[in-house]
Number of protein chains: 2
Amino acid sequence: MKKVSVGILGLGTVGGGTFEVLRQNKELIEKRLGAHLEIKAIATRTPSRAASWNCPSELVSNNPDLVLNDPEIDIVAELIGGIEPARDFVLRALRSGKSVVTANKELLAKHGPLLRQVADENSVDLLFEGAVGGGIPLIKPLRESLAGNRIEEVLAILNGTTNFILSKMTREGADYHAVLAEAQALGYAEAEPSSDVDGFDTQYKLAIVAGIAFDTPVDLDDIFREGITKVSARDIEYAAELGYAIKLVALARRAESSALEMRVHPALLPHSHPLASVGDAFNAIWVRGDAVGETMFYGRGAGAHPTGSAVVGDLIEAARNRLRGIRNIDHAPEHKAVMLPFDEAQTRFCVRMQVKDRPGAIAQIAGVLGDSGVSIESIVQKKTEHGEAEIFWMTHDTTQSAMDQSLKGFAQLEVVREVSSVLRVEGE
Amino acid sequence: MKKVSVGILGLGTVGGGTFEVLRQNKELIEKRLGAHLEIKAIATRTPSRAASWNCPSELVSNNPDLVLNDPEIDIVAELIGGIEPARDFVLRALRSGKSVVTANKELLAKHGPLLRQVADENSVDLLFEGAVGGGIPLIKPLRESLAGNRIEEVLAILNGTTNFILSKMTREGADYHAVLAEAQALGYAEAEPSSDVDGFDTQYKLAIVAGIAFDTPVDLDDIFREGITKVSARDIEYAAELGYAIKLVALARRAESSALEMRVHPALLPHSHPLASVGDAFNAIWVRGDAVGETMFYGRGAGAHPTGSAVVGDLIEAARNRLRGIRNIDHAPEHKAVMLPFDEAQTRFCVRMQVKDRPGAIAQIAGVLGDSGVSIESIVQKKTEHGEAEIFWMTHDTTQSAMDQSLKGFAQLEVVREVSSVLRVEGE
């Protein structure tokens, strides 16, 4: 039987999970591949971690050159994360004719075009199923199975930490900070949670997915980003009353003008939408194509073995390609798609505000909305304390600029004490 | 730009949908493929249908030889359905060195091994994403993206007609026959509905999916099959009270002994299971792998454009392979998996029965269950008319043989007037 040799860079959660999946299912994998798939070397900054993955210590060193400079290694799995030294290592591997499998969303989102070009120049594979949605088959189905479709919209939950936090807030009526602290104590959220809760992680993943779905290079700046730190238990409660769940969504959509809009932010999703019931640390990506209609992929978006599953799937593909002397054909997009100016983005909004409980208050608010061309679909009012009422209202479809104009108008109204939250409504 | 030529056999729903998707997204598809994808000839028994798909009449004939004997045609899409003449046409195409794309689940379920062998012998592709789950990417993700997994279980809703009927029965509290008649009037169900409602269609699809998931040839006889014709509005109502939805499920699972069990039947699924909320004509397949954990694929399981999407995805893949002079590697399973004897299948059951409303009735029933080694998890009793009560109870995990023994025991009890339904519980 022929042999393909793999080197692994990084032995953290994903590196260790990948090692375990490869070891555990070795026989099955080699039968499916029709060849041996050998792990030849693993490099990590902390070789002492090898023991916790039951990884033979003779495979492990702290010297990446033992992976990158070994001419017998055909495929490198980069599972370090972050930009440097991962970027340097990936480029070195590609330039020395090795195929690369990576789960590094930040690297792909920031340097994808360069890596792709270098992979092209060296006629090797660059595969990254594990970078988005953990173990969920996503990149390959989108690129290959749905290749006959003009994709119209991608709406997704791509970050397990924030989905866990929002699910728990919903279930328990608890507030953001309390749930975050608990999630941190449980290891579901990092001590420094910004990458998750401010939406950076989701933004990286959306850049990768949207690039494939819409055949375009994507700059991170093209994607509006807002995190979940301002979502309150009150918002979730009102949303539920109206039949909606609040999720951190990644959205990429072709507007009527054909321009692309891309955003990451908390959004109300109607309970009838398949994404609305995606709970806890699960991820899901909902895709609408002109032929397939709506389709959705669901599963664990992170974790050692789920992400290891995706990395191993890519390793098998890269190995199969090397055995046949081919690589995946990946036609780089020739042109960048036109992006919709953020002001023109169309959506529905819902706003929670504290107003003075006096006659005419609602009329004044409605007047501002009317002047801005924003029309209201539904409104919930509750009396709160100290002569103030809390109102929560939802608009019909409107533009970002009309909404911004309304918010400026409210600032001039003496009856409006505070605009407590502004959220978007998607999935309808 | 290079060119790949396609011939289409059949211009019904799927053939027409495939033609439309290819025409509508021609430019996009050819950019992604990097070559022209030309429809060279279409054969159908009713060429008059060409007009309804806006299909140029010069492409269409009623002579399949114009597709099968044309040496310039590289790929044949078999979209006729049924066994003959589809089987003959597919074999002729494969033997003349053409790759074949088909959406014919019955043909694959009954003659898959032969077709696969002939494709192997002729070094051509045989692709069939459209045969299961309409447009949902399923076969490729299972075979390729999840190739690093030992699959433990597949639980799926694979028939849109029955899911539409059961969803409507659930929503409206209506009975099976009324909803079937309505579905027939709307064109959602065939005038001769047996293939759908008796579970044959689902059985064919499960045979295809389980063969891939578990690396084994599957005979249709290996799959227990029971349709939805006996599911009543009462069953659905009781199930809902206990927190379950009733769905026609396809199940393939590795038992503890490693033997495979495969069944198609109506089952109660807890509302918390992602399949439970798959409504109307949608399909979904839930897969549990040892590395990926649980994952699910969801979308439209039928229809011209959704199934066309899958067929076109396969045509693009087959075309790409031909341009590179390769074919998909598909290691045929060497051995057939051991099948679990049906008697030993483990599941939970729920039973609805009419009993005489007299002291000791429940005790007698419980006695029979105890003698058979079946233990009850929950029970709902409602008084009905004429001194009779209806009871609905659910067991803990038990075997088919213990359940059959209980049912025999009930037949001997004078207090049991009728066992109205016996259903299984899955997804817990």
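The values are calculated or read from the model by the stated rules, or taken from the named source; none is laboratory data. Please read these numbers as outputs of a predicted model, since none were measured by experiment. Don't worry about glycine lacking a Cβ; one is built from the backbone with ideal geometry, like all the others, and counts go over all protein chains shown.
Could you figure out which of (1) within 21 Å of B:SER195 (Cα to Cα); (2) within 11 Å of chain A (Cβ to nearest Cβ); (3) crowded, with 24+ Cβ neighbours inside 10 Å isn't true of B:GLY279?
Only one criterion in (1) within 21 Å of B:SER195 (Cα to Cα); (2) within 11 Å of chain A (Cβ to nearest Cβ); (3) crowded, with 24+ Cβ neighbours inside 10 Å is unmet by B:GLY279, namely (3).
I'd like to know if segment B:291-298 contains one or more residues that are more than 9 Å from chain A (Cβ to nearest Cβ), closer than 23 Å to B:VAL197 by Cβ and crowded, with 23+ Cβ neighbours inside 10 Å.
no
Test each condition in (1) touching a helix residue (DSSP H, G or I) at 6+ places or on another chain (Cβ under 9 Å); (2) within 14 Å of chain A (Cβ to nearest Cβ); (3) surrounded by fewer than 19 Cβ atoms within 10 Å (Cβ to Cβ); (4) under 30 Å from B:GLY211 (Cβ atoms) for B:ALA35 and report the one that comes out false.
The failed condition is (4).
Any idea which of B:ASP201, B:ASP196, B:ASP219 is closer than 29 Å to B:GLU129 by Cβ, at pLDDT 95 or above and surrounded by fewer than 16 Cβ atoms within 10 Å (Cβ to Cβ)?
None of the others qualify; the one that does is B:ASP219.
Out of (1) farther than 30 Å from B:ALA189 by Cα; (2) surrounded by 14 or more Cβ atoms within 10 Å (Cβ to Cβ); (3) touching a helix residue (DSSP H, G or I) at 6+ places or on another chain (Cβ under 9 Å); (4) among the aliphatic types (A, V, I, L, M), the odd one out for B:ILE329 is which?
(2)
With the structure loaded, tell me whether B:ALA259 is in contact with a helix residue (DSSP H, G or I) (Cβ under 7 Å, 6 or more places away or on another chain), over 21 Å from B:LEU146 (Cβ atoms) and hydrophobic (A, V, I, L, M, F, W, C) or whether it fails that test.
no
Which of (1) among the small types (Gly, Ala, Ser); (2) touching a residue at least 24 places away in the same chain (Cβ under 8 Å); (3) farther than 20 Å from A:GLY148 by Cβ does B:GLY133 not meet, given it meets every other one?
If we test B:GLY133 against (1) among the small types (Gly, Ala, Ser); (2) touching a residue at least 24 places away in the same chain (Cβ under 8 Å); (3) farther than 20 Å from A:GLY148 by Cβ, just (3) comes out false.
Given the structure, is A:GLU256 without any contact (Cβ under 8 Å) to a residue 24 or more places away in the chain and in the same structural domain as A:VAL179 (by TED's automatic domain parsing)?
yes
Out of all the residues in segment B:82-107, which are out of contact with any strand residue (DSSP E or B) (no Cβ under 7 Å at 6 or more places or on another chain) and either buried (at least 23 other Cβ atoms within 10 Å of the Cβ) or at pLDDT below 95 (or both)?
Once the filter is applied, which keeps residues that are out of contact with any strand residue (DSSP E or B) (no Cβ under 7 Å at 6 or more places or on another chain) and either buried (at least 23 other Cβ atoms within 10 Å of the Cβ) or at pLDDT below 95 (or both), segment B:82-107 yields B:ALA103, B:LYS105, B:LEU107.
In this structure, is A:PHE410 touching a residue at least 40 places away in the same chain (Cβ under 8 Å), part of a helix (DSSP H, G or I), of a type in the set (A, V, I, L, M, F, W, C) and not assigned by TED's automatic domain parsing to the domain that holds A:ARG288?
Yes: the conditions hold for A:PHE410.
Scan segment A:113-141 residue by residue and report those that are part of a loop (DSSP other than H, G, I, E, B) and surrounded by fewer than 21 Cβ atoms within 10 Å (Cβ to Cβ).
A:ASN122, A:SER123 - these are the residues of segment A:113-141 that are part of a loop (DSSP other than H, G, I, E, B) and surrounded by fewer than 21 Cβ atoms within 10 Å (Cβ to Cβ).
Return the pairs, sorted by first residue and then second, in which the second residue is exposed (fewer than 13 other Cβ atoms within 10 Å of the Cβ) and part of a helix (DSSP H, G or I), the first residue lies in segment A:360-384 and is assigned by TED's automatic domain parsing to the domain that holds A:SER401, the beta carbons are less than 9 Å apart, and the residues are 6+ apart or on different chains.
Close Cβ pairs (under 9 Å, with a partner that is exposed (fewer than 13 other Cβ atoms within 10 Å of the Cβ) and part of a helix (DSSP H, G or I)) amount to A:VAL368/A:LYS408; A:SER372/A:LYS408; A:VAL380/A:GLU241.
Here's a check for you: in segment B:1-32, which residue that is within 14 Å of chain A (Cβ to nearest Cβ) and part of a loop (DSSP other than H, G, I, E, B) is surrounded by the fewest Cβ atoms within 10 Å (Cβ to Cβ)?
B:MET1
I'd like the full set of residues that are facing chain A (nearest Cβ under 7 Å) and over 30 Å from A:ILE326 (Cα atoms), limited to segment B:299-331.
Across segment B:299-331, the qualifying residues are B:GLY299, B:ARG300, B:HIS305, B:PRO306.
Which count do you get for residues in segment A:33-51 that are touching a Leu at 6+ places or on another chain (Cβ under 9 Å) and in a helix (DSSP H, G or I)?
Residues that pass the stated criteria total 4.
Only one residue in A:MET353, A:MET339 is among the hydrophobic types (A, V, I, L, M, F, W, C) and more than 28 Å from the chain's Cα centre (by Cα), so which one is that?
Only one candidate qualifies: A:MET353.
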